[in-house]
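*Asks:* Input: one structure, supplied below.
The numbers here are math on the coordinates, done by the rules we state, and not lab data. Predicted model only: the values in this text are computed from it and were never measured. Cβ placement follows ideal geometry from the backbone for every residue including glycine, while neighbour counts extend to all protein chains displayed.
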Amino acid sequence: MTEVLDTDGIGSGADSNIDSQSDSELSRALISARLKGGVMVVDGNFKVVMIDSKAAGFCGLSSGQSQGKPFYSLFPSLLGSLFATQLHEVVTLMGARRCSRPIDNDLLDQFVSACSHHLEENSVLFGISMRAYAEAGSTYGLIQLKLQTALINESTADTASPHRLDQLTNKHRHDFSPAEDAILIVTDCYGYIEAISHSAQELFGYSEQLLKGSSARVLFPGLDGLEGMNITEALPVLSAQHSQGYILAATAEGETKALDAQLFNGADDSDKFILLCRDRTDASRDAEELTNRGHLFDLTTSSVADAVLMVDSEGFVTEMNPIAEQLLGFELDISKAAQIQAFMPLANEDTGISVTPIQEALNKATNVEVTQSLLLKVRGVEPMSVAISAFPLRDSLGRVKNV
């Protein structure tokens, strides 16, 4: 095809019918489209006559090798899809179609799924525009991919949580590609809500109709203390305030949710922003529980003269203080499973029968205290009288996790 643009090898070959005049409507549209995202052009027979490097990279294709090939040989899974129907209508009827999230999630997800590729880090498809043009007696369809890069990204979370940074780098493709169940919130630059996805409505317990026009402060109370900041300035501050880099949100029922969030420019309007969230409440609660439990164990065991141990729901020792190690002649190695009954055998002092007060506390999910007639039989040491207190620890749902 003759050169449509003189730079970056956008068009080549002598058999194209695309007008090479720089002032042709298609040429002008190509120049404009390339400034906003990746582009490709198909002819009336749905052959790819041009694809630029950005679109080819996103789709996992070679720009030079893709030109001249049938569109559906490059994207076979799109044949018969909703996306294919829309593309055919645009080209055959000389029309135009603009697809944006969250309204057109199904159509855009079909295109993303058809691209058997690895996305560039932080790159997300938020829109596709399709329009037909007539050039020199032939029809062409211009497909523009609207790609966005996160405004809240790994650099924001770096100071808050290095572990979360690694998670985002390694699993960003799965965690943040918008899908049918994506939690999406569309706001203006001042944080006033314009739309939310169905999954966001389910998470927060508000209908879109109720939230539309309201401030995002309804969902993110932490914004109340950040007056004067626009949405792009305020959300990174909230993320940095959380120990794990999450943003705390409130539901209609008064529940607190920890959200992993990224902010993107709207595909069609630079004054609009899309907040793409993932509910990390359970993971955040578990991490906080582990941290608090460790701090509590350190504080309590450092100030008492008794042996203190912690075991999980199956009786394996997870923590013990120095006095316990000295008393039992055992140094805990967390890399090796250690059942408490194996190195802390207890027996009734009068009958000599083995007793298991810790296992009893786990089985009955209740506190157990034995303060007399109890012998500790540690190998190589004379049996000694001891008192045992076992207290189950529970998770947020009331289930016994440790003792």
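*Asks:* So which of LYS257/LYS336; LYS54/LYS257; LYS69/LYS146 end up more than 27 Å apart by C-alpha?
*Replies:* With Cα atoms farther than 27 Å apart: LYS257/LYS336; LYS54/LYS257.
*Asks:* Right, next: So if I restrict to the alpha-carbon atoms in the range 203-283, what is the Rg, and what is Dmax, the biggest pairwise distance, in Å?
*Replies:* Cα only, the range 203-283: 12.6, 35 Å (Rg, Dmax).
*Asks:* Also, quick follow-up: How large is the dipole of the range 304-402 about the Cα centre if only Lys and Arg carry +1 and Asp and Glu carry -1, each at its Cβ, rounded to the nearest 20 debye?
*Replies:* So the dipole magnitude of the range 304-402 works out to roughly 260 debye.
*Asks:* Still on this model: For a protection proxy built on the mean count of beta-carbon atoms within 10 angstrom, sort 207-218, 45-56, 379-390 highest first, please.
*Replies:* Ranking the peptides 207-218, 45-56, 379-390 by packing returns 45-56, 207-218, 379-390.
*Asks:* Could I ask something else about it? Based on alpha-carbon centroids, what's the gap between the range 49-75 and the range 208-276 in Å, whole number please?
*Replies:* That distance is 37 Å.
*Asks:* Here's another thing I want to ask about it. Quick one: if you stick a label point 7 Å off each Cα along the C-beta vector at ALA365 and MET94, how many nm between them?
*Replies:* 7.2 nm
*Asks:* Can you give me the pair-distance distribution of the range 25-147, C-alpha pairs, 5 Å bins, whole percents?
*Replies:* Answer for the range 25-147: a P(r) of 2, 11, 23, 28, 23, 10, 2, 0, 0 percent.
*Asks:* Mind checking the full-extension length gain between GLN65 and ASP306? Use 0.36 nm per residue of separation minus the Cα-Cα distance, one decimal, nm.
*Replies:* On the way: separation 241, 0.36 × 241 = 86.76 nm, distance 7.39 nm.
Gain in length upon complete extension: 79.4 nm.
*Asks:* Rg (Å, one decimal) plus Dmax (Å, integer) for the alpha carbons of the range 304-402?
*Replies:* Radius of gyration, then largest Cα-Cα span, for the range 304-402: 13.4, 43 Å.
*Asks:* Let me check I've understood the local charge: for LEU259, count other residues with C-beta under 10 angstrom from its C-beta, Lys and Arg +1, Asp and Glu -1. What total comes out?
*Replies:* Taking every Cβ under 10 Å from that of LEU259, the sum is +1.
*Asks:* So, R0 is 22 Å and r is the distance between the beta-carbons of GLN339 and PHE391; what FRET efficiency does that work out to, to 0.05?
*Replies:* The value I calculate is 0.70.
*Asks:* Note down the magnitude of the dipole of the range 25-147 about its Cα centre, charges +1 on Lys and Arg C-beta and -1 on Asp and Glu C-beta and zero elsewhere, to the nearest 20 debye.
*Replies:* 220 debye
*Asks:* Something else: Calculate the FRET efficiency for ALA240 and GLU331 from the Cβ-Cβ distance with a Förster distance of 56 Å, rounded to the nearest 0.05. Let's see the in-between values first.
*Replies:* On the way: r = 39 Å, r/R0 = 0.70.
For R0 = 56 Å, the calculated efficiency reads 0.90.
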